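Participant: Encoded as structure tokens, here's the structure I'll be asking about.
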Amino acid sequence: MLNFDFYNPTLISFGEGRIAELDRLIPAKARVLVLFGGDSARRTGTLAEVQGALADREVLLFGGIEPNPSYETLIEAVALVRREAVDFLLAVGGGSVIDGTKFVAAAVNYAGEPWEILQSHGSKVTQALPFGAVLTLPATGSEMNNGGVVTRKSEQAKLPFRNKLLFPVFSILDPSKTFTLPERQVANGVVDAFVHVVEQYLTYPGDAPVQDRFAEGLLLTLIELGPKALSQPQDYQVRANLMWVATLALNGLIGAGVPQDWATHMIGHEITALYGLDHAQTLAVVLPAMLQQRRAAKHAKLLQYAERVWGLSSGSEEQRIDAAIVRTRDFFEALGVKTRLGDYQLGQEVVEPLIAQLEAHGMTRLGEHRDVTPAISRQVLQACL
Ligand code: NZQ
Ligand code: ZN
């Protein structure tokens, strides 16, 4: 096992009806800014429930944080927080709203130009406003981690950042708040959580059997629950388990002490920034091609994945690996998330612009061995067509 620090201070308040706890979780004298996305929080009544729970406090609202939150929008929230002397932030939404709130929390008292926060991937952040979250979409794990991804539209750059100051103080996970999700977002969430686990598990053997078996348990649970979440959309237990799996997939636990990959995510971010695909759509496209391209380096773990996750134990080693990659692709497709660039009307013409963006953003040595160079990324993208 590798050396590691494990630190996660986020309090999770899980279950139906827990939004009322906001009154206890946020300091009584706080001046609160509630941040949300488009109209879903208002339409579903979640925003009203939040406002009801905070009725005794001074509360301001900031809506309009878009999916793949933009620097340009978030800077407006930063100005509002400074102008109104807000001292506590509350995100109500999915990963985009929570990530955006993290950026605002980091930028409000940042001494330099906030763009540096993204350019330095968060390492320059030295202070942050406290914030909490009310999660409405199980997918990213942002509710219990210290990372985010923000897009600067003017640069077509979607950049990740993280800092130990950027854990939510608390997150409220009420599974019944996910009943209103469109099928596309439910499926996206399953794919995103699945790929989060894969990025931390499917690398090379790390003598970490607990992390491996946690990861395999999460993958098996997603395979079991994903289709049910679509076919039984009002089943509370399915949504509750899905919500907790997605949180555990990226709260630091399974990634502690093991090598991590993240090449699929970094290539995926560039596809979203240039061509607007949903985050999970990019992962469904890139992951099968990435596994194929890097099957030699991932040989031992691919065989373990084939056997323990997909029950594939007969045939030659290469046949089992092929079958595991096919099963992975079929799982995404069965959820309704397409796995080829062509399915999104993108062809050969996108490959070189994407490679140029990876180079521009310093994404030139990706993967668990830091050997996914632009030349390898090009081969992966060719295999995504
Ligand atoms: O904008 P509104 O109207 O609120 O609608 C949203 C949005 O259109 C809607 N939605 C959310 N909850 C709903 C709902 N609609 C009905 N009922 C509800 N209960 O869903 C749409 C998508 O929301 P979004 O927050 O964009 O989705 P998701 O949670 O998948 O977040 C994706 C973002 O998270 C980043 C991605 O890159 C992407 O920008 N990620 C963040 C990570 C992290 N912080 O650790 C890790 C991930 O790898 C990921 O990169
Ligand atoms: Zn992701």
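The values are calculated or read from the model by the stated rules, or taken from the named source; none is laboratory data. Computed from a predicted model, the values in this text were never measured in an experiment. Cβ atoms come from the backbone with ideal geometry, glycine included; neighbour counts cover every protein chain shown. Heavy atoms of the whole protein, side chains included, go into the accessibility calculation; ligands, DNA and RNA do not. Shrake-Rupley method; radii C 1.70, N 1.55, O 1.52, S 1.80 Å.
Conditions tested, residue by residue: (1) of a type in the set (Lys, Arg); (2) under 20 Å from VAL191 (Cα atoms); (3) modelled with pLDDT under 95.
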| residue | (1), (2), (3) |
| --- | --- |
| TRP310 | no, yes, no |
| ILE325 | no, yes, no |
| ASP330 | no, yes, no |
| ALA334 | no, yes, no |
| LYS338 | yes, yes, no |
| GLU349 | no, no, no |
| ILE355 | no, no, no |
| GLY367 | no, yes, no |
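Participant: Residue by residue through the range 109-142, note down the ones that are within 13 Å of ligand 1 (Cβ to nearest atom) and open to solvent by 40 Å² or more (accessible area, probe 1.4 Å).
Facilitator: HIS121
Participant: Identify all residues within the range 139-169 that are out of contact with any Lys or Arg (no Cβ under 7 Å at 6 or more places or on another chain) and part of a strand (DSSP E or B); write none if there are none.
Facilitator: Across the range 139-169, the qualifying residues are VAL150, ARG152, ALA157, LYS158, LEU159, PRO160, PHE161, ARG162.
Participant: Residues in the range 178-187 that are open to solvent by less than 10 Å² (accessible area, probe 1.4 Å) and either modelled with pLDDT under 95 or within 14 Å of ligand 2 (Cβ to nearest atom) (or both): how many?
Facilitator: Going through the range 178-187 one residue at a time, the tally reaches 1.
Participant: Also: Among the residues of the range 8-17, is there at least one that is modelled with pLDDT of 95 or more, within 13 Å of ligand 1 (Cβ to nearest atom) and not β-branched (Val, Ile, Thr)?
Facilitator: Yes, the range 8-17 has at least one match.
Participant: Now for a different question. Could you list, in sequence order, the residues of the range 351-367 that are part of a helix (DSSP H, G or I) and either farther than 17 Å from HIS279 by Cα or outside the structural domain of THR264 (by TED's automatic domain parsing) (or both)?
Facilitator: Listed by number, the residues that qualify are VAL351, GLU352, PRO353, ILE355, ALA356, GLU359, ALA360.
Participant: Name the residues in the range 188-211 that are surrounded by fewer than 21 Cβ atoms within 10 Å (Cβ to Cβ) and not β-branched (Val, Ile, Thr), would you?
Facilitator: Answer for the range 188-211, where residues must be surrounded by fewer than 21 Cβ atoms within 10 Å (Cβ to Cβ) and not β-branched (Val, Ile, Thr): TYR204, PRO205, GLY206, ASP207, ALA208, PRO209, GLN211.
Participant: Related question: For ILE267, only one of the following conditions fails: (1) within 11 Å of ligand 1 (Cβ to nearest atom); (2) over 25 Å from THR10 (Cβ atoms). What is its number?
Facilitator: So the condition that ILE267 fails would be (1).
So that you can scan it fast, the table gives a plain yes or no per residue for (1) over 16 Å from the mean Cα position of the chain (by Cα); (2) in contact (Cβ under 8 Å) with a residue 24 or more places away in the chain; (3) away from ligand 2 (no atom under 15 Å from the Cβ):
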site: ALA107; (1), (2), (3): yes, yes, yes
site: GLY112; (1), (2), (3): yes, no, yes
site: GLN119; (1), (2), (3): yes, yes, yes
site: SER142; (1), (2), (3): no, yes, no
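Participant: For the range 21-45, name all the residues that are of a type outside the set (A, V, I, L, M, F, W, C) and within 16 Å of ligand 1 (Cβ to nearest atom).
Facilitator: GLY37, GLY38, ASP39, SER40, ARG42, ARG43, THR44, GLY45
Participant: Moving to a separate point now. If the requirement is being hydrophobic (A, V, I, L, M, F, W, C), within 16 Å of ligand 2 (Cβ to nearest atom) and in contact with a Gly (Cβ under 7 Å, 6 or more places away or on another chain), which of these qualifies: LEU222, LEU137?
Facilitator: LEU137
Participant: To continue, here is another question. Of the residues THR247, THR264, THR282, THR272, only one is touching a Lys or Arg at 6+ places or on another chain (Cβ under 6 Å), under 27 Å from LEU137 (Cα atoms) and modelled with pLDDT of 95 or more; which?
Facilitator: The conditions single out THR272.
Participant: Which residue pairs have Cβ atoms under 7 Å apart, sit 6 or more places apart or on different chains, and have a first residue in the range 321-336 that is closer than 19 Å to GLU216 by Cβ and a second that is modelled with pLDDT of 95 or more and of a type in the set (D, E, K, R)?
Facilitator: ILE321/ARG295
Residues are listed down the side, and each one gets a yes or a no for (1) under 30 Å from ALA300 (Cα atoms); (2) open to solvent by 10 Å² or more (accessible area, probe 1.4 Å); (3) assigned by TED's automatic domain parsing to the domain that holds ASP330; (4) within 15 Å of ligand 1 (Cβ to nearest atom):
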{"position": "LEU220", "(1), (2), (3), (4)": "yes, yes, yes, no"}
{"position": "LEU230", "(1), (2), (3), (4)": "no, yes, yes, yes"}
{"position": "ASP235", "(1), (2), (3), (4)": "no, yes, yes, no"}
{"position": "THR247", "(1), (2), (3), (4)": "yes, no, yes, yes"}
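Participant: Considering only the range 310-324, I want to know if a residue exists there that is assigned by TED's automatic domain parsing to the domain that holds ALA187 and within 22 Å of the chain's Cα centre (by Cα).
Facilitator: no
Participant: Within the range 1-20, how many residues are open to solvent by less than 70 Å² (accessible area, probe 1.4 Å), within 20 Å of THR101 (Cα to Cα), not polar (S, T, N, Q) and not in a loop (DSSP other than H, G, I, E, B)?
Facilitator: 2
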